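Data first, discussion second: the structure below is written as structure tokens.
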Amino acid sequence: MPASRSKQSLPKESDPDSEPVSGSEPLRRTTPGNLFVLTGPSGVGKNTIIERVLAEAGGIVESVSVTTRKQRERELDGVDYFFTDRESFEKMKKQNHFIESAEFAGNYYGTPRNWVENRIMEGLDVVLVIEVQGAKQVKEQFPQSILIFLAPPTMDELEKRLRTRATEPEDVIAMRLDKAGQEMKERDVFHYEVVNEDIDQAVNNVLSIVYAERCRIKP
């Protein structure tokens, strides 16, 4: 993970409103920030693109999802995800701690409400990198959110990327490809579509959306 990445650690459940670590705070504005949602099929390059956007844009942070998924090698708790068990997750969901939540491949994922709302009120833009199902939930609860769909150039290229990263068994890859086909049919839910054929161009397109939305006059 690049040192310049402005992604911040997720506060623990016992301290949901804790402040960012001193000395690592990005630029803040005097008006509330925007809520961006970046979605696309697994393997399309969401994490690669958002790392560069966070490093280049300034004043934008990525929300860290809570998940019951098993922690992978090199993943950091509270940085890549906030790892928890199913019982704790279900309790948090009942208490309305999540802006959105979803289940995939037997695991829960959720976006912590207080963390996101506090950063927006501080003047920071927040970006959620989540599944299409979760994006639709965010759109319902936050109509002012800006939804971006990251698409692969072709489904064949997406399959190639999934197999190249070699992190999952064949049955999971097949599940992700099937899910990707369904997600591609829901692009009309989003405000923008960025095709990730060339990584530099895709990053520039997402950055352009961020900058344009900061300049937009809001009612």
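Apply the Karplus parameterisation 6.51 cos²θ - 1.76 cosθ + 1.60, with θ equal to phi minus 60°, to every residue of the stretch 40-52 and state each ³J(HN,Hα) to the nearest whole Hz, in sequence, with x for glycine and proline.
The phi angles translate into x, x, 4, x, 7, x, 4, 5, 4, 5, 5, 4, 6 Hz.
Of Trp115, Gly40, Val53, which is farthest along the charge dipole of the chain in the positive direction, counting Lys and Arg as +1 and Asp and Glu as -1 at C-beta?
Positive-end residue among those listed: Trp115.
Taking K and R as +1 and D and E as -1, what net charge do the other residues with C-beta under 12 Å from the C-beta of Ala202 add up to? All intermediate terms of the calculation are to be shown ahead of the outcome.
Values: positive: Lys46, Arg52; negative: Glu193, Glu197, Asp198, Asp200.
Net of charged neighbours comes to -2.
For the chain, what is the charge dipole size about the Cα centre, in debye to the nearest 20, if Lys and Arg each add +1 at the Cβ and Asp and Glu each add -1 at the Cβ?
Values: 30 positive and 37 negative charges, 67 e Å.
Magnitude of the dipole: close to 320 debye.
Mind giving me the nanometre distance, one decimal, between the label points for Glu193 and Ile217, set 7 Å out from Cα along Cα→Cβ?
3.1
Using the Cβ atoms and a cut-off under 15 Å, what net charge is assigned to the surroundings of Glu168, where Lys and Arg are +1 and Asp and Glu are -1? Before the final figure, lay out the partial values.
Working: positive: Arg69, Lys70, Arg72, Lys160, Arg161, Arg163, Arg165, Arg176, Lys179; negative: Glu73, Glu75, Glu159, Glu170, Asp171, Asp178.
Local net charge: +3.
Using only the Cα atoms of the stretch 92-219, build the gyration tensor, take square roots of its eigenvalues as a ≥ b ≥ c, and label the shape rounded, prolate or oblate: rounded if a/c is under 1.5, else prolate if a/b is larger than b/c, else oblate. Present the calculation step by step, with values, prior to reporting the outcome.
Details: a/c = 2.13, a/b = 1.26, b/c = 1.70.
It is oblate, given that a/c is not under 1.5 and a/b is not larger than b/c.
Rank Thr67, Thr164, Thr84 by mean-square fluctuation in a GNM of the chain with C-alpha springs under 10 angstrom and give only the top-ranked residue.
Top of the fluctuation ranking is Thr164.
Tell me, what HN-Hα J-couplings in whole Hz come from the Karplus equation 6.51 cos²θ - 1.76 cosθ + 1.60 at θ = phi - 60° for each residue of the stretch 83-91, using x for Gly and Pro?
Listing the rounded values in order: 8, 8, 9, 5, 4, 5, 4, 5, 5 Hz.
Report the residue, chosen from Lys70, Lys179, Lys46, that carries the largest GNM mean-square fluctuation when the chain is represented by alpha-carbon nodes joined by springs under 10 Å.
Among Lys70, Lys179, Lys46, the largest mean-square fluctuation in the Gaussian network model of the chain belongs to Lys70.
Could you check what % of the DSSP bridge pairs in the stretch 61-118 are antiparallel, to the nearest 5? Walk me through the numbers before you get to the answer.
On the way: 8 of 11 bridges.
That works out to approximately 75 percent antiparallel.
For Phe83 paired with Asp156, estimate the spin-label separation in nm (one decimal), with each label point 7 Å from Cα along the Cα-to-Cβ line.
With each label point 7 Å from Cα toward Cβ, the separation is 3.8 nm.
Residues with amide H under 5 Å of Phe36's amide H, sequence separation 5 or more or different chain, H placed in the peptide plane at 1.01 Å from N; which?
HN-HN under 5 Å from Phe36: Val126, Val127, Leu128, Ile146.
By DSSP, what percent of the beta bridges with both residues in the chain are antiparallel, rounded to the nearest 5? Walk me through the numbers before you get to the answer.
Working: 8 of 26 bridges.
For the chain, the DSSP antiparallel bridge percentage is about 30.
For n ≥ 4 DSSP H runs only, could you compute -39500 (n - 2.57) per run for the chain, divide by its residues and tell me the 222 nm figure to the nearest 500? Please report the intermediate quantities before stating the final value.
Working: 7 runs with 83 residues, N = 219.
Result for the chain: -11500 deg cm²/dmol, rounded to the nearest 500.
Just to confirm a number: summing +1 for Lys and Arg and -1 for Asp and Glu over residues other than Thr68 whose beta-carbon lies under 10 angstrom from that of Thr68, what do you get? Before the final figure, lay out the partial values.
Numbers: positive: Arg69, Lys70, Arg86; negative: Asp85, Glu87, Glu90, Glu103.
Net charge around Thr68: -1.
None of the figures in this text is laboratory data; all of them are computed from the coordinates on show. What you are looking at is a predicted structure, and each value in this text was computed from that prediction instead of being measured. Cβ atoms come from the backbone with ideal geometry, glycine included; neighbour counts cover every protein chain shown.
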